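The values are calculated or read from the model by the stated rules, or taken from the named source; none is laboratory data. None of the values given here were measured: they were computed from a predicted structure. Glycine also receives a Cβ, built like all others from the backbone with ideal geometry; neighbour counts cover every protein chain displayed. Heavy atoms of the whole protein, side chains included, go into the accessibility calculation; ligands, DNA and RNA do not. Shrake-Rupley method; radii C 1.70, N 1.55, O 1.52, S 1.80 Å.
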Amino acid sequence: MTSRNTYQKWQDTMELIKKNIEKKREVYKLDDRYRKVWYIDDEFALEEHVSILDKVIPGYVLDYGVTKNSMFIDYHIVPGTPANKVPHTPKFFARIYTFCNETLDQTLPYAHYDWVLSNILLDGDNTYLVDWDNVGIYSPQEIQTKMESDLRSAFGEKYDEMLRTMA
């Protein structure tokens with residue numbers, strides 16, 4: 001884990017890219033990584049979360065630690081364009097729908113549990129999930145309901161139509 005001195009040095013050179021006051025969380029861009037900071041101190045939850053991430057997506061976490069008033073995780077920078085920036089064609093829908101289901105099959109018994117398009121990055125033929133904050137073990141019904149809800153929200157009224165074109 002990173003020392004408080006190293007954490008403070010990096011904090012001085014980080015670019016704030018996202019702030020969620022309600023969740024007491026910020027995301028920073030460093031030269032070679034993203035750092036998510038939670039302004040809470042729950043070292044047990046942090047250790048458990050990092051342990052799950054190491055099982056589900058090995059190597060994604062670069063560093064993590066706890067300071068006097070916060071905890072943080074450093075993540076690899078994942079290449080790509082957020083899927084919410086891509087036109088919603090039937091081919092795109094099929095790619096996202098298939099990717100979400102294949103990734104779920106690969107990560108069971110854990111599920112990402114936040115399949116919003118801004119958490120899916122497209123890089124050529126590669127597709128990645130980021131923002132694994134909600135990863136955990138959920139019932140098959142919970143997973144199916146949440147994934148469908150997230151994708152239905154992303155694709156709106158075209159969801160059912162696009163799903164039929166895949167059959």
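Points worth noting:
- Heavy-atom accessible area ranking, 1.4 Å probe, most first, across Met166, Met71: Met166, Met71
- Relative to the longest principal axis of the Cα atoms of the chain, helix 4-13 runs at roughly 60 degrees.
- The angle separating the long axis of helix 140-155 from the principal Cα axis of greatest extent in the chain is about 80 degrees.
- Each Lys or Arg adds one and each Asp or Glu takes one away; over the other residues whose Cβ falls under 13 Å from the Cβ of Leu62, this sums to -2.
- Listed options for Cα Rg over 2.2 N^0.38 Å are (1) 1.07; (2) 0.95; (3) 1.12. The value calculated from this structure is the one marked (3).
- Between the amide H of Leu62 and those of Asp74, Tyr75, His76, distances stay under 5 Å, these residues lying 5 or more places away or on another chain, with hydrogens modeled in the peptide plane.
- Rounded percent of accessible protein surface that carbon and sulfur make up, the range 15-167, 1.4 Å probe: 51
- Measuring between their Cα centroids, the range 32-59 and the range 66-87 lie 11 Å from each other.
- With all protein chains kept in place, the per residue accessible area of the range 111-163 amounts to 49 square angstrom at a probe of 1.4 angstrom.
- Cα gyration tensor category, rounded, prolate or oblate, for the range 76-167 with a/c compared to 1.5: oblate
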